[in-house]
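All remarks here apply to the structure that follows.
The values are calculated or read from the model by the stated rules, or taken from the named source; none is laboratory data. Nothing here was measured: the structure is a model prediction, and the numbers come from that model. A quick note on method: Cβ atoms are made from the backbone with ideal geometry, for glycine too, and the neighbour counts reach across all protein chains shown. Just so you know, the surface numbers come from the protein's heavy atoms only, side chains and all, with ligands and any DNA or RNA stripped out. Shrake-Rupley method; radii C 1.70, N 1.55, O 1.52, S 1.80 Å.
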Amino acid sequence: MPDFTEDATPTGRISREDVAHLARLARLAVTDDELQLFASQLDVILGSVARVGEVAAADVPPTSHAVPLVNVYRADEVRPSLPRAAVLAGAPSVEDEKFRVPRILSEEA
Amino acid sequence: MTATVDDVVARYEPVIGLETHVELGTVSKMFCGCSTEFGADPNTHTCAVCLGLPGALPVANAAAIEATIRIGLALNCSIAQWCRFARKNYFYPDMPKNFQTSQYDEPLCVEGYLNVEVDGRTVRVGIERVHLEEDTGKNTHVGGATGRIHGADYSLVDYNRAGIPLVEIVTKPVPGVGALAPEVARAYVTELRDILRTLGVSDVRMEQGSLRCDVNTSLNRPGEAWGTRTETKNVNSLRSVERAVRSEMLRQAEVLDGGGRVLQETRHFNETSGDTRPGRSKEEATDYRYFPEPDLVPMAPDPTWVESLRADLPELPAARRARTRAALGVDEADLAQMSNAGVVDLVAATVDAGAPVGEARNWWLGYLAQLANARGIEAAELEITPGQVARLIELVAAGTLSTALARQAVDGVLETGSDVDVVVAERGLKVVSDTGALAAAADEAIAANPEVAEKVRGGKIAAVGALVGAVMKSTRGQADAAAVRAILLERLGVDES
């Protein structure tokens, strides 16, 4: 278990502005205090990941999956959908059998 | 003052690019077994996977992957030996998952090209990438006066479309085509549509949204770097593709002429006015935070399988056209005319169905082209098949229908979607060759129009047209006009010769 505390000094890998930007993209309300807190915590996490990168030798390729599988497909066959009542039961609001959502800005006119 | 594209290219060089989205014709969705049927009741084709419910595990549709690779092969692309899906993260209610499963830096197909012919010139349009993703749900905006988003109070979402396999085909920028840019854009989408149709991977219906196009346009002064481009969305017909490029060229030239600068922005094409309007400008740069999709394993198409797909590709439209030219034996001018009208394949198919070349050509360049024009669509989009046209030609040749009646039959086929013989039977379309009936109709017309009859008797033969019209009307267009005219003149005692 590595000692994370030794990396606790901020290294500037991630700034308050970065956190604010990410929070905005994720639609999260984050206070000023939290911005500072998360910036330093994320900095530690990034530092730890960077150390893993140092350990990984050239013969260890980057991967996005834990299991060495490729080409897992399904045949193009229709299977039953959920009953509509069940689908709409999870909607905050329903009108005309559709999900009713707040007015939205769109790229489509 | 009316500026033209020629005025624009006297001062500027255009660069165009196209992004085309194609809904694949699979029976089930991209990552789940929900049906892709068009027009079903709202939210009846959804499940845990396409709604993005917690714990749902997507599995890719094998037929969609095969279709995408076949599209890539038909567009002369290299097929990736290993690639992944990626999450494109954004918050918008058209995707219930809050991300779209797409491909980012590892598309299935890359680096291809498509040759298109415009004005006797072959233009090679580079293909940057062909990738596979999923379609979004459909929003209806409610409460706005115009039904458009601005002023809408809320939106209603139907997720039947969410998760339908969608292929995105992106061209490289196309410089150097000058005043032909609008036509090149249209010719590219037309050729692409024909290829997709030939491959049988999509029904490619622009009006239903199964083929959608975004058009990028920029202008630069000769010798200078490429200009800032705009992206025009909402381009939903082949004609609109051409109009959108032309409209953007004219608009940008005016901006640049006035010393202004073109903004990099999304614009919307307005079908009615034929021009583009700015869309919403983004508050911050787009940041989709793509990352490899952890719920789907990588794709590694077996090269042997890819080669077998290549070997099994059908004859593509360009090759078929070349063969058709030779087979039809039409001259260059005729061919160019048919090509410009987009009816070469239709004429060929009509000939294949048994019609003589000349008749097939006349129908597709004549009445059918007029109907397509009047509707603002391509002749190929008319709901009539080459086989049906061949049948009409056969009926005219046999004397069962006059040309006028055959046209009525075309109208009937388009209106009802029924086959030619059904329309002919239901509407009682048949040339009246019973001379007794025609003579009776002629006598009625003469009796009803004594003044006209008198003029004709007095030598004003042209006046007989009114009587012919009356007979045609009373026989509901089913008589042969020349025969009617002859009968009328005979009964009026006028000898034309």
Q) Right, B:VAL110: in contact with a Lys or Arg (Cβ under 6 Å, 6 or more places away or on another chain) and either assigned to a strand (DSSP E or B) or not assigned by TED's automatic domain parsing to the domain that holds B:ASN76 (or both) or not? A) yes
Q. In the stretch B:222-242, which residues are under 14 Å from the mean Cα position of the chain (by Cα) and not in a strand (DSSP E or B)?
A. B:ASN236, B:SER237, B:LEU238, B:ARG239, B:SER240, B:VAL241, B:GLU242
(Q) Just to be sure before I move on: is B:GLY17 assigned by TED's automatic domain parsing to the domain that holds B:PRO175, farther than 28 Å from B:PRO294 by Cβ, surrounded by 21 or more Cβ atoms within 10 Å (Cβ to Cβ) and at pLDDT 95 or above in the structure I sent? (A) yes
Q. How about the stretch B:416-433: which of its residues are among the acidic types (Asp, Glu) and surrounded by 12 or more Cβ atoms within 10 Å (Cβ to Cβ)?
A. B:ASP419, B:ASP421
**Q.** the stretch B:382-413, residues that are part of a helix (DSSP H, G or I), surrounded by fewer than 17 Cβ atoms within 10 Å (Cβ to Cβ) and under 21 Å from the mean Cα position of the chain (by Cα)
**A.** B:GLY387, B:ASP411
Q) Restricting the stretch B:245-269 to residues that are within 14 Å of another protein chain (Cβ to nearest Cβ) and open to solvent by less than 40 Å² (accessible area, probe 1.4 Å), which is farthest from the chain's Cα centre (by Cα)? A) B:THR266
Q: Give me a count of the residues in the stretch B:434-450 that are open to solvent by less than 30 Å² (accessible area, probe 1.4 Å) and under 46 Å from the mean Cα position of the chain (by Cα).
A: 2
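Is it fair to say B:ARG246 is assigned to a helix (DSSP H, G or I), in contact (Cβ under 8 Å) with a residue 60 or more places away in the chain, over 22 Å from B:LEU196 (Cα atoms) and not polar (S, T, N, Q)?
For B:ARG246, the condition - assigned to a helix (DSSP H, G or I), in contact (Cβ under 8 Å) with a residue 60 or more places away in the chain, over 22 Å from B:LEU196 (Cα atoms) and not polar (S, T, N, Q) - is met.
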Q. How about the stretch B:158-172: which of its residues are buried (at least 23 other Cβ atoms within 10 Å of the Cβ), within 11 Å of chain A (Cβ to nearest Cβ) and part of a strand (DSSP E or B)?
A. B:PRO165
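Residue-by-condition table, conditions (1) of a type in the set (S, T, N, Q); (2) closer than 28 Å to B:GLY342 by Cβ:
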residue	(1), (2)
B:LYS138	no, no
B:VAL142	no, no
B:ASN160	yes, no
B:LEU166	no, yes
B:ILE169	no, yes
B:VAL189	no, yes
Q. Within the stretch B:476-496, how many residues turn out to be under 40 Å from the mean Cα position of the chain (by Cα), assigned to a loop (DSSP other than H, G, I, E, B) and surrounded by fewer than 18 Cβ atoms within 10 Å (Cβ to Cβ)?
A. 2
Q) Is the stretch A:52-60 home to any residue that is part of a loop (DSSP other than H, G, I, E, B) and under 24 Å from B:PHE99 (Cα atoms)? A) no
Q) When you scan the stretch A:50-64, how many residues do you find that are open to solvent by less than 100 Å² (accessible area, probe 1.4 Å), within 20 Å of B:PRO294 (Cα to Cα) and either at pLDDT 85 or above or within 14 Å of chain B (Cβ to nearest Cβ) (or both)? A) 2
Q. Failed condition for B:CYS47, given (1) out of contact with any Cys (no Cβ under 6 Å at 6 or more places or on another chain); (2) free of Cβ contacts under 8 Å to residues at least 40 places away in the same chain; (3) buried (at least 18 other Cβ atoms within 10 Å of the Cβ); (4) not basic (Lys, Arg), with all others met?
A. (1)
Q: Looking at (1) at the interface with another protein chain (Cβ under 7 Å from one of its Cβ atoms); (2) within 26 Å of B:VAL170 (Cβ to Cβ), find the lone condition where B:THR46 falls short.
A: (2)
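Counting only residues that are outside any helix (DSSP H, G or I) and either small (Gly, Ala, Ser) or farther than 19 Å from B:LEU24 by Cα (or both), how many does the stretch B:49-73 have?
8
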(Q) With the requirement that a residue be aliphatic (A, V, I, L, M) and in contact (Cβ under 8 Å) with a residue 24 or more places away in the chain, what does the stretch B:371-395 give you? (A) B:LEU371, B:ILE377, B:ALA379, B:ALA380, B:LEU382, B:ILE384, B:VAL389, B:ALA390, B:LEU392, B:ILE393, B:LEU395
Q: Test B:GLY279 against the stated conditions and say whether it is within 14 Å of chain A (Cβ to nearest Cβ) and surrounded by 14 or more Cβ atoms within 10 Å (Cβ to Cβ).
A: yes
Q | Residues that are touching a strand residue (DSSP E or B) at 6+ places or on another chain (Cβ under 8 Å) and aliphatic (A, V, I, L, M), drawn from the stretch B:445-488 | A | B:VAL471, B:MET472, B:ALA479
Q | Hey, A:LEU82 closer than 22 Å to B:CYS34 by Cβ, outside any strand (DSSP E or B) and facing chain B (nearest Cβ under 7 Å) or not | A | yes
Q: Only one of these is over 21 Å from B:VAL49 (Cβ atoms), open to solvent by 30 Å² or more (accessible area, probe 1.4 Å), assigned to a loop (DSSP other than H, G, I, E, B) and away from chain A (no Cβ under 12 Å): B:ASN76, B:ASN115. Name it.
A: B:ASN76
Q.
Among the residues of the stretch A:13-28, are any assigned to a loop (DSSP other than H, G, I, E, B), modelled with pLDDT under 90 and basic (Lys, Arg)?
A. yes
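A quick yes/no check of all residues on (1) open to solvent by 50 Å² or more (accessible area, probe 1.4 Å); (2) among the hydrophobic types (A, V, I, L, M, F, W, C):
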site: B:LEU309; (1), (2): no, yes
site: B:LEU316; (1), (2): no, yes
site: B:ARG320; (1), (2): yes, no
site: B:VAL344; (1), (2): no, yes
site: B:TRP363; (1), (2): no, yes
site: B:TYR367; (1), (2): no, no
site: B:GLN370; (1), (2): yes, no
(Q) Need a quick list: helices (runs of 4 or more DSSP H) entirely within the stretch B:253-343 having at least 2 residues that are at pLDDT 85 or above and hydrophobic (A, V, I, L, M, F, W, C). (A) B:303-311, B:317-328
